[in-house]
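Only one structure is covered here, and it is reproduced in the block below.
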Amino acid sequence: MDVVASLLEGPRARDAFVIRTQMAAPWALRIEDGAALTVVVILEGQCRLEHDSLNTPMALDAGDLVVIRGPDPYVIGDAEGSHPRIRILPGNRPVLMNGDEIGQTMNLGLRTWGALSEVGDTTKLLTGIYEDVGEASRRLLDAIGAVVVRTGAAQASAYVGLLAAESLSDSAGQSAVLDRLLDLVLVDTVRDHFARNPQRAPGWYSALQDDLVGSALRAVHADPAAPWSVTGLAANVGLSRSAFSRRFGETVGEPPMAYVKRWRLSLAADHLADPDLTVGRVASLVGYQSPFTFSAAFKAHFGVSPSDYRAALDR
């Protein structure tokens, strides 16, 4: 399996919240929805983004795309800058800054929200929201930073245009179409980000360019439950045990079995979200023969037992 694809399996959208926003200057929204990941495309006009990770507000133009990692709040508004008049709360619920409900007063039709204006500059946004992302995916998404901008994404990526077009459709199965298109936009953006900023890529990502270490990584991701060992991985790529360990550590930044262990436990955390899987079954899916050994490793890594981790997900 492609390593990047496997790491992005976690944030696959399910009934994704995709909405178009239309605002007339002056305007600003304070986003407090707590979403794990948000993708915003500027369809028309200009705006600026204020986020705690940014030293100064970031200017965005039509065609740009920005990925924002949550759950921290942020402000998006017109290019000149305005004080927020509306807050977006969890569940994508808009309220006035004092908490008064807005209700449906700004509903402009199918997946469209905002304010109409016959005068002044109008900004149109397309937003896709992931309420949560899987534990396995955090390793990749943490590497891209809190805010990532892709300038001219609407022109560079056909997926962005498709998502924008499909957001206005209400055909049968539309939610599944929007889910997959949002996933494609995200994967394409992450891939483009590391291609343009190779120096920012994590060690394991850069290691994919190494024929031998990359082959080992792909093997582990394709079959995480296999009885991997340093000797087995080394033999799989035609290196001695010592040569493989040294090369893996230099390119990835950690020993082979440390990587395997972290990957397995991250997958396990995602599997625990499925109530139909027992802890024992989760253990076997990620390569642990004993539920007790698995539970001890899981608690050492996450600080809680698998059962307590699952219980926290249900709250």
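The values are calculated or read from the model by the stated rules, or taken from the named source; none is laboratory data. Because the structure is predicted, anything quoted here is derived from the model rather than measured. When we count neighbours, we look across all protein chains shown, and the Cβ atoms used for this are built from the backbone with ideal geometry, even at glycine.
The set of residues in segment 185-227 being touching a Phe, Trp or Tyr at 6+ places or on another chain (Cβ under 8 Å) and surrounded by fewer than 16 Cβ atoms within 10 Å (Cβ to Cβ) consists of ARG200 alone. The set of residues from segment 272-294 being within 25 Å of LEU233 (Cα to Cα), surrounded by 15 or more Cβ atoms within 10 Å (Cβ to Cβ) and not hydrophobic (A, V, I, L, M, F, W, C) comprises SER284, GLY287, TYR288, PRO291.
Taking segment 140-178 as the range and being surrounded by fewer than 17 Cβ atoms within 10 Å (Cβ to Cβ) and of a type in the set (D, E, K, R) as the test, the residues that pass are ASP142, ASP170.
Taking strands (runs of 3 or more DSSP E) as the structural unit, those lying wholly within segment 85-194 and holding at least 2 residues that are in contact with an Asp or Glu (Cβ under 9 Å, 6 or more places away or on another chain) and under 21 Å from ASP33 (Cβ atoms) correspond to 86-89, 93-96, 122-130.
Looking across segment 17-37, the residues that are within 20 Å of TYR159 (Cβ to Cβ) and either surrounded by fewer than 20 Cβ atoms within 10 Å (Cβ to Cβ) or not assigned by TED's automatic domain parsing to the domain that holds SER167 (or both) come down to PHE17, ILE19. Taking the numbered list (1) farther than 30 Å from ALA216 by Cα; (2) modelled with pLDDT under 85 in turn, GLY99 passes all entries but (2). Looking at ASN55, is it under 25 Å from the mean Cα position of the chain (by Cα) and over 27 Å from LEU184 (Cα atoms)? Judged against the criteria, ASN55 is a match. Of the residues making up segment 249-285, those that are within 22 Å of GLY203 (Cβ to Cβ) and of a type in the set (A, V, I, L, M, F, W, C) are VAL252, MET257, ALA258, VAL260, TRP263, LEU265, LEU267, ALA269. Give me the pairs: first residue in segment 161-177 and assigned by TED's automatic domain parsing to the domain that holds VAL18 and more than 16 Å from GLY109 (Cα to Cα), second residue at pLDDT 85 or above and not in a loop (DSSP other than H, G, I, E, B), beta-carbon distance under 6 Å, and six or more apart or on different chains, which are they? Hits for this filter: LEU162/LEU181; LEU163/LEU181; LEU163/VAL185; VAL177/GLU166. Quick one: how many residues across segment 1-16 are modelled with pLDDT of 55 or more, surrounded by 19 or more Cβ atoms within 10 Å (Cβ to Cβ) and closer than 20 Å to LEU110 by Cα? Residues that pass the stated criteria total 1.
Any residue that is at pLDDT 90 or above, farther than 18 Å from HIS193 by Cβ and out of contact with any strand residue (DSSP E or B) (no Cβ under 7 Å at 6 or more places or on another chain) - is there at least one of those in segment 71-88? Checked segment 71-88: at least one residue is at pLDDT 90 or above, farther than 18 Å from HIS193 by Cβ and out of contact with any strand residue (DSSP E or B) (no Cβ under 7 Å at 6 or more places or on another chain).
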